[in-house]
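Let me begin by presenting the structure, written as structure tokens, before commenting on it.
The values are calculated or read from the model by the stated rules, or taken from the named source; none is laboratory data. None of the values given here were measured: they were computed from a predicted structure. Quick reminder, even Gly has a Cβ in these numbers, built from the backbone with ideal geometry, and neighbours come from all protein chains shown. With ligands, DNA and RNA removed, areas are computed over all heavy atoms of the protein, side chains included. Shrake-Rupley method; radii C 1.70, N 1.55, O 1.52, S 1.80 Å.
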Amino acid sequence: MNLAEMKQQFDAIRQDVLAALETVQTLKEVEQIRVQQLGKKGPITEVLKNIKNIVPEERPQVGALANELRSVIEEKIASIKADLEAKALVESLRKETIDVTMPGRPMTVGTKHVLSHVSDEVEDFFIGLGYQVVEGPEVESDHYNFEMMNLPKDHPARDMQDTFYITPEYLLRTQTSPVQARTMEKHDFSKGPLKMISPGRVFRRDNDDATHSHQFYQIEGLVIDKHITMADLKGTLAAFAKELFGQEREVRLRPSYFPFTEPSLEVDITCFKCGGQGCSICKGTGWIEILGSGMVHPNVLEAAGVDSSVYGGFAFGLGQDRIAMLKYGIEDIRSLYTNDVRFLNQFTK
Ligand code: DAH
């Protein structure tokens, strides 16, 4: 092989490679061509193997031709790579573009349950007066739910509360009152008075209808100290009723019966709908009952180990469901438990 033939072969390689590079689409293909053409097993190296047949004076020219061919190919590859990289960048920027004018996805925000609104409001009021908030178990013993609350086994007032018994001794609490007994037992009266409220769920064997539910919520209240009188009860509950239902409400105490208080009473407020004229909410009476209350029965104090000749106090119990229904004009207690968001979302406050 002579110089002219080698030159011809180099030209053929140049044409082949440049043609192949014309059609590449990806950086991977470019790299493949680079390795194939410029590598140790590539065509240029093959041609150069024939250099031993060339007269020595012409050999430098062969080297020069090969180097020139290599650099032509390398430059072409570099420019194609640069083009492809620029295109890839533009493409990825295009794909990542965010259309800030697109409408956002709506976020569903929940609301506090209406019963939580009530318990929060009641808690805030009593915490402000220095009461502690105490919780008690929903599965309760007959002992705390009834016996300690002055309701021995044969007491007729047990029929006032239809009970879910689990065993003869354990039941689902029918009232939050047992938390009174639990807290009194533990309280150290040498450190000061006991002032507590206890919100929580209670259960009764009732058939559910618009005004009855087999589970509902109560808030229990208890104050025990020396020299507590009914005036304390009236002042506290009047302030509470005004806080919840408006400052212009008047309060009336009506005699009633609960086994754990003596005397017992029910607290009524003037109707917030008609102001006392008489309407459908107050059933024409002008008054609405909001809670039960009374002076703690000495038997309840003694059962919890509190000396009833020294200490006394008042207690009250209110139905959160009833308060919620009155306050927000809810007609069916079941809507508090069926979790229809269209109902629940109304109470955003
Ligand atoms: N536990 C009573 C009930 O469920 C409510 C109640 C009334 C609680 C008077 C009291 C109270 O503490 O003094 O019907």
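Using alpha-carbon positions, what is the distance between the centroids of region 209-270 and region 314-333, in Å?
So the separation of the two Cα centres works out to 12 Å.
Cβ neighbours within 10 Å, averaged per peptide: list 144-150, 127-133 in order, most packed at the top. Each step should come with its number before you reach the end.
Numbers: 144-150: 23.0, 127-133: 12.7.
Sorting 144-150, 127-133 by mean packing, highest first, produces 144-150, 127-133.
DSSP beta bridges in region 112-343, what fraction antiparallel, as a percent rounded to 5?
Numbers: 41 of 43 bridges.
The antiparallel fraction comes to roughly 95 percent.
Name the lysines eligible as straight-distance cross-link partners of residue 191: C-alpha to C-alpha under 18 Å, and not fewer than 8 places from it in the same chain.
Excluding near neighbours in sequence, the set is 226.
When the Karplus curve 6.51 cos²θ - 1.76 cosθ + 1.60 is applied with θ = phi - 60°, which whole-Hz ³J(HN,Hα) does each residue of region 224-239 get, with x for Gly and Pro?
After applying 6.51 cos²θ - 1.76 cosθ + 1.60, I find 10, 6, 7, 6, 8, 10, 5, 5, 5, 4, 5, x, 5, 6, 5, 4 Hz.
Once you have a ≥ b ≥ c as the square roots of the Cα gyration tensor eigenvalues for region 245-349, tell me rounded if a/c is under 1.5, and otherwise prolate or oblate according to whether a/b is larger than b/c. Provide the component values of the computation, followed by the final result.
Working: a/c = 2.99, a/b = 1.66, b/c = 1.80.
Judged from the Cα gyration tensor, region 245-349 comes out oblate (a/c at least 1.5, b/c at or above a/b).
For region 148-247, rounded, prolate or oblate, judged on the Cα gyration tensor with a ≥ b ≥ c (square roots of eigenvalues), a/c < 1.5 rounded, else prolate if a/b > b/c? Let's see the in-between values first.
Details: a/c = 2.29, a/b = 1.34, b/c = 1.71.
It is oblate, given that a/c is not under 1.5 and a/b is not larger than b/c.
Around residue 293, what is the net charge, scoring Lys/Arg as +1 and Asp/Glu as -1 over all other residues with Cβ under 13 Å from its Cβ?
Charge balance in the 13 Å sphere: -3.
Can you compute 3J(HN,Hα) from phi for each residue in region 142-157, using the Karplus curve 6.51 cos²θ - 1.76 cosθ + 1.60 with θ = phi - 60°, rounded to whole Hz and x for Gly and Pro?
Residue by residue, region 142-157 yields 4, 3, 7, 5, 10, 4, 5, 9, 6, 10, x, 3, 9, 6, x, 5 Hz.
Using Cα-Cα distances under 8 Å and only pairs 6 or more residues apart, what relative contact order does the chain have, in percent? Show your work: numbers first, answer last.
Numbers: 511 pairs, mean separation 50.7, N = 349.
The normalised contact order for the chain reaches 15 percent.
What is the set of long-range amide H partners of residue 151 at a cut-off below 5 Å, with H atoms built 1.01 Å from backbone N?
Result for residue 151 returns nothing.
So how compact is the chain: Cα radius of gyration and Dmax in angstrom?
Every Cα atom of the chain included, Rg and Dmax give 44.8, 133 Å.
For region 25-35, take each phi angle, set θ = phi - 60°, evaluate the Karplus expression 6.51 cos²θ - 1.76 cosθ + 1.60, and give the result in whole Hz per residue in order, putting x for glycine and proline.
Per-residue couplings from phi come out as 10, 10, 4, 5, 4, 4, 5, 4, 4, 4, 5 Hz.
Would you mind telling me the share, in percent, of accessible area of region 1-94 contributed by carbon and sulfur at probe 1.4 angstrom? Before the final figure, lay out the partial values.
Values: 3460 of 6290 Å².
Using a 1.4 Å probe with all protein chains present, region 1-94 comes out at 55 percent carbon and sulfur.
Can you work out the accessible area per residue across region 112-343, with the rest of the protein chains kept in place, probe 1.4 Å, in square angstrom?
Values: 10780 Å² over 232 residues.
Ligands and nucleic acids excluded, the figure is 46 Å² per residue.
Quick one: which residues, 5 or more positions from residue 175 or on another chain, have an amide H under 5 Å from its amide H? H modelled 1.01 Å from N in the peptide plane, none for Pro or chain starts.
Amide H neighbours of residue 175: 203.
For the pairs 7/52; 242/327; 7/28; 49/76; 195/234; 7/41, flag any whose C-alpha to C-alpha distance is greater than 22 Å. The partial results should precede the final answer.
Numbers: 7/52 15 Å; 242/327 12 Å; 7/28 30 Å; 49/76 25 Å; 195/234 15 Å; 7/41 19 Å.
Those over the limit are 7/28; 49/76.
For residue 194, what is the net charge nearby, where nearby means another residue's Cβ is under 14 Å from its Cβ and Lys, Arg count +1, Asp, Glu -1? Spell out each step's value before the answer.
Working: positive: 182, 186, 191, 195, 226; negative: 185, 188, 220, 225, 232, 307.
Neighbourhood net charge equals -1.
Give me the accessible area of residue 58, 1.4 Å probe, in Å² rounded to the nearest 10.
Spelled out: residue 58, probe radius 1.4 Å, area about 60 Å².
Assuming a ≥ b ≥ c are the square roots of the Cα gyration tensor eigenvalues, decide whether region 1-94 counts as rounded (a/c under 1.5), prolate (otherwise, with a/b larger than b/c) or oblate.
On the way: a/c = 3.34, a/b = 3.08, b/c = 1.08.
Judged from the Cα gyration tensor, region 1-94 comes out prolate (a/c at least 1.5, a/b above b/c).
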